[in-house]
Amino acid sequence: MRLFLILVAATVVVCGQRPVIHGVVNAASYATGGPSGKAVAGGSIVSVFGRNLSTVTQSASAFPLPTTLGGTSVTVNGIAAPIFYVSPGQLNIQLRSGTLMVVTTSAGSSDPVPLDLWEGFGIFTLDASGCGRGAVFNVASDGSVSLNSPSNSASPGDFITVYGTGLVGFFNAPPDGSPAPPDPPSLAMSWGLYYGAFDLAPSFPSTPLRAGVSWAGRAPGFVGLDQVNVRIPDTVREGCAVPLMIGATHAGRSQPIPISIRKEGGACIDPPTAGYGLITWERTVASGTEPGRITEAFTAAFASSPGKQPPPPMEFEGVGRSRVIEDFGPSCPLPGYTNLDASSVTIEGPGLSPVEAAAELVEGQRVYRAVLPDGTIRPGSFSVTASGGDVGSFQSSLRIGAGINITSSFPPGTVVRLPATGGPRGLTANWTGGDPDTWVTLKVVSHQGVSDIYSFIQARASSGTATIATAGLPPGRGEIILEVTPDPAQIPALSAPGLALGGQHLWKYTYRFGGLTLQ
């Protein structure tokens, strides 16, 4: 009897523990994002993970969604949030806008957890894992829909419907916890910025093919569920696992999910798999950044995927242009996309005795890396030798050129004036040294949340100067970057068994000046 009473008392203590929140993530991709790396979208469906979040497992059964379910409630800035599902370790809710979340049960309330709200789309997956085949439907010309699958491909030029969560800002938005109306629908205000990114060439995801979006908004009849209708580009490659991402400029991209594409539909067929290698030696001198230091590194990767194509040849661009460096969201493995094994990779050069580069997994893919002592990367001849695995044995050599000495000063706290605020029309950087035929690329970067917008201009190292226009850059945290690279005609080609597309053997000097402000 005494033992029984002790066990009962222990059970009461366990059941009576206060809730503890471990994390809040997008319910479709299980990802966070935004400037803080921990952001979720207001109005979206999120999963709350933790301990003692509920004493029961229960799902909501009617609309509008309840704000208390199984004795559990969730507040954001003191306002109750609609709840889909509760269990001791996970809650699914529609997130209200706010900065502090608290979970309350009969045992008490959790400590407040700070929230960072940011637009970031996640695609729901069929197995609810956050990766793999997505909730993607083919839309026929007669309006009928069917699940996209390896046996039921979409055809280039057709439309698909993608379901996820994370859009923000709606016309005719329904009240929290209530389903979206069918007519008029809840259209996302930023729908014109959305796109589908399909893999073509040369690689995924660095060079996506963008697709037009015809509609984006809340899925009629559902709470917090978003629907995006995308037209598949006519020029997209066919295959069984063509990567698809959904996103918006300056917001987080979804995870990549595979879809099947074949002209005229039907069962998908993968194109032949091809491999491409990229070997890089890079010396980086950083100031005003965290950390601010000199780093030198060797990296080698041998990517392989169906229908892969080599990158287009680099050309000397000269004039300044603007581009966006975009965050491609969380990583998911994709069937057929892999980095090949080269077994052991050994490097050597002037003052560098033979060193074996370590094989590391970066986002699940094999990359060979070596961190080198300061002063290793300098003018001279360097070589790489691989013993051979999936990639056959090879040896590649290159001659690294000289870096430059930057004579312009960009200390932390420098303010780069934009033309819109009465500043100068451009920014000038001066340097000495460098090989005459190498390139110097000058970039002015404006950090905008999960995206970077930058302008760049290229000049020969022999010119000793470059001036870049800053018009069109948005204000924000800034950075100035100078990159020294060889003339494309002098980049050694990489040849090895198993690399049908060959590859490149590159070197680069990078000079980064952070801690700046664009205004």
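Residue-by-condition table, conditions (1) under 20 Å from residue 96 (Cα atoms); (2) at pLDDT 90 or above; (3) among the small types (Gly, Ala, Ser); (4) touching a helix residue (DSSP H, G or I) at 6+ places or on another chain (Cβ under 8 Å):
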| residue | (1), (2), (3), (4) |
| --- | --- |
| 209 | no, no, no, no |
| 218 | yes, yes, no, no |
| 225 | yes, yes, no, no |
| 233 | no, yes, no, no |
| 238 | no, yes, no, no |
| 246 | no, no, no, no |
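State all residues of segment 85-126 that are over 17 Å from residue 23 (Cα atoms) and modelled with pLDDT of 95 or more; if no residue qualifies, say none.
Passing the criteria: 105, 106, 107, 108, 123, 124, 125, 126.
Starting from segment 262-288, take each residue that is touching a residue at least 40 places away in the same chain (Cβ under 8 Å) and closer than 22 Å to residue 299 by Cβ and list its partners that are assigned to a strand (DSSP E or B) and of a type in the set (A, V, I, L, M), counting only C-beta distances under 6 angstrom and pairs at least six apart or across chains.
276/303; 278/301; 279/300; 279/384; 280/506; 282/297; 285/294
Could you please give the count of residues in segment 97-129 that are farther than 28 Å from residue 71 by Cα and not hydrophobic (A, V, I, L, M, F, W, C)?
Selection size over segment 97-129: 5.
Which of the residues spanning segment 376-397 are more than 14 Å from residue 507 (Cα to Cα) and without any contact (Cβ under 8 Å) to a residue 60 or more places away in the chain? Walk me through it before giving the result.
Pass one, segment 376-397, residues more than 14 Å from residue 507 (Cα to Cα): 385-395.
Within segment 376-397, 385, 387, 389, 395 meet the criteria.
Do we have residue 62 as under 25 Å from residue 257 (Cβ atoms) and either within 32 Å of the chain's Cα centre (by Cα) or modelled with pLDDT of 95 or more (or both) here?
No: the conditions fail for residue 62.
Mind checking which pairs have a first residue in segment 438-466 that is within 30 Å of residue 247 (Cα to Cα) and a second that is part of a loop (DSSP other than H, G, I, E, B) and among the hydroxyl-bearing types (Ser, Thr, Tyr), Cβ under 8 Å, 6 or more apart or different chains?
Pairs found: 444/470; 451/249; 455/470.
Tell me whether segment 344-366 contains one or more residues that are surrounded by 14 or more Cβ atoms within 10 Å (Cβ to Cβ) and acidic (Asp, Glu).
Among the residues of segment 344-366, at least one is surrounded by 14 or more Cβ atoms within 10 Å (Cβ to Cβ) and acidic (Asp, Glu), which makes the answer yes.
Hey, can you tell me all the residues within segment 464-488 that are of a type outside the set (D, E, K, R) and within 23 Å of residue 377 (Cβ to Cβ)?
Answer for segment 464-488, where residues must be of a type outside the set (D, E, K, R) and within 23 Å of residue 377 (Cβ to Cβ): 464, 466, 480, 481, 482, 484, 485, 486, 488.
Would you pick out the residues in segment 483-505 that are part of a strand (DSSP E or B) and not hydroxyl-bearing (Ser, Thr, Tyr)?
Passing the criteria: 483, 484, 493, 503, 504, 505.
The values are calculated or read from the model by the stated rules, or taken from the named source; none is laboratory data. The shown structure was predicted, so the numbers you read here are calculated from the model rather than taken from an experiment. Ideal geometry is used to build each Cβ from the backbone, glycine not excepted, and the neighbour counts take in all protein chains shown.
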